[in-house]
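Peer 1: Below are the C-alpha cells for one structure; questions will follow.
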Amino acid sequence: MKKMTGIVILAIVLVIYSLAMTCVKQFTDGVYRGESRSKYSAEPYWGQVSVEIKNDKVTLLSFQILDKDKKEVFGPEYERHFKDYPAYVTQCRNEVKGIKAYTEAFIKTGTMEKVDAITGATWSYNIFRDALNTALDKAREK
C-alpha cells in the first residue's frame with residue numbers, strides 16, 4: 001500500500017510540474033526587430049525582421065532584405081541590376097519567392113523547424129532565419 005501511495009504522489013508531482021512548465025512564457029509581448037547578414041558578411045545585404053508577440057505567439061511578422069549600399073529593398077524590381085546576367089535574374093526571382101514564402105510558413109507553423117528552404121532561395125532563408133532569431137532573442141531577454 002505504501003508503495004502504491006508513493007507512486008500516486010510521484011505521478012501527481014509530475015503532472016503538476018508538467019503543467020507548470022507549459023505555463024512558462026517564452027516571450028514578452030511587444031514588437032521586436034532583428035537584423036542580420038547571416039554568414040554573408042562581405043555583402044551589403046541585411047535581412048530585417050519585425051515581429052509582434054502577443055500571448056507568447058508571433059502574431060505579425062514582416063521580413064525584407066535591404067541592400068545598404070544602394071539603399072534599396074531587395075524585391076521584384078531588384079533584378080534590373082543583373083539584366084545582363086540571366087542566371088542572376090533567375091536567382092533574384094527565386095529569392096523574392098523565398099522572402100514571401102518563409103514569412104508565410106513561419107506565421108503558419110510558428111517555428112523555424114517547420115520552415116523548409118526553397119531550392120534556389122537558400123540565401124534569403126539563411127538571412128531570414130538569422131534576422132528572425134535576433135528579434136526573438138530580444139523578446140526573450142525582457
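The values are calculated or read from the model by the stated rules, or taken from the named source; none is laboratory data. Computed from a predicted structure; not experimentally measured. Cβ coordinates were reconstructed from backbone atoms using ideal geometry, including for glycine residues, and neighbour counts include every protein chain displayed.
Peer 1: Which of the residues belonging to region 71-116 are over 19 Å from residue 52 (Cα atoms) and of a type in the set (Lys, Arg)? It would help to see each step written out before you state the result.
Peer 2: Kept after step one, since they are over 19 Å from residue 52 (Cα atoms), are these residues of region 71-116: 71-98, 113-114, 116.
The answer is 71, 80, 83, 93, 97, 114.
Peer 1: Let me ask something else. I'd like the full set of residues that are on the phi < 0 side of the Ramachandran plot, touching a residue at least 12 places away in the same chain (Cβ under 8 Å) and part of a loop (DSSP other than H, G, I, E, B), limited to region 35-58. Steps first, answer last, please.
Peer 2: Filtering region 35-58 down to residues on the phi < 0 side of the Ramachandran plot leaves 35-37, 39-54, 57-58.
Still in the list and also touching a residue at least 12 places away in the same chain (Cβ under 8 Å): 35-37, 39-40, 44-54, 57-58.
If the condition is that a residue be on the phi < 0 side of the Ramachandran plot, touching a residue at least 12 places away in the same chain (Cβ under 8 Å) and part of a loop (DSSP other than H, G, I, E, B), then 37, 39, 40, 44 are the ones that fit.
Peer 1: Tell me the residue from 101, 131 that is out of contact with any Gly (no Cβ under 7 Å at 6 or more places or on another chain), crowded, with 17+ Cβ neighbours inside 10 Å and assigned to a helix (DSSP H, G or I), please.
Peer 2: Numbers: 131 fails: out of contact with any Gly (no Cβ under 7 Å at 6 or more places or on another chain).
Result: 101 is the single residue among 101, 131 that is out of contact with any Gly (no Cβ under 7 Å at 6 or more places or on another chain), crowded, with 17+ Cβ neighbours inside 10 Å and assigned to a helix (DSSP H, G or I).
Peer 1: Now for a different question. For the condition aromatic (Phe, Trp, Tyr), in contact with a Phe, Trp or Tyr (Cβ under 7 Å, 6 or more places away or on another chain) and not in a strand (DSSP E or B), what is the one hit in 78, 125? Spell out how you get there, then give the answer.
Peer 2: Details: 78 fails: in contact with a Phe, Trp or Tyr (Cβ under 7 Å, 6 or more places away or on another chain).
Being aromatic (Phe, Trp, Tyr), in contact with a Phe, Trp or Tyr (Cβ under 7 Å, 6 or more places away or on another chain) and not in a strand (DSSP E or B) holds for just one of 78, 125, which is 125.
Peer 1: Could you tell me whether residue 138 is of a type in the set (D, E, K, R), touching a residue at least 12 places away in the same chain (Cβ under 8 Å), assigned to a helix (DSSP H, G or I) and closer than 18 Å to residue 34 by Cα? It would help to see each step written out before you state the result.
Peer 2: Values: of a type in the set (D, E, K, R): yes; touching a residue at least 12 places away in the same chain (Cβ under 8 Å): yes; assigned to a helix (DSSP H, G or I): yes; closer than 18 Å to residue 34 by Cα: yes.
Yes, satisfied.
Peer 1: Something else about it: Collect the residues in region 44-55 that are surrounded by 15 or more Cβ atoms within 10 Å (Cβ to Cβ) and closer than 20 Å to residue 96 by Cα, keeping them in residue-number order. Lay out the reasoning, then the answer.
Peer 2: Going residue by residue through region 44-55, those that are surrounded by 15 or more Cβ atoms within 10 Å (Cβ to Cβ) are 45-53.
Once the filter is applied, which keeps residues that are surrounded by 15 or more Cβ atoms within 10 Å (Cβ to Cβ) and closer than 20 Å to residue 96 by Cα, region 44-55 yields 45, 46, 47, 48, 49, 50, 51.
Peer 1: Have a look at 66, 61 and point out the one that is surrounded by 17 or more Cβ atoms within 10 Å (Cβ to Cβ) and in a strand (DSSP E or B). Write out each step before concluding.
Peer 2: Numbers: 66 fails: surrounded by 17 or more Cβ atoms within 10 Å (Cβ to Cβ).
The unique qualifying residue is 61.
Peer 1: Something else: Could you list, in sequence order, the residues of region 88-138 that are at pLDDT 95 or above, in contact with a strand residue (DSSP E or B) (Cβ under 8 Å, 6 or more places away or on another chain) and of a type in the set (A, V, I, L, M)?
Peer 2: 99, 127, 131, 132, 135, 136, listed by residue number.
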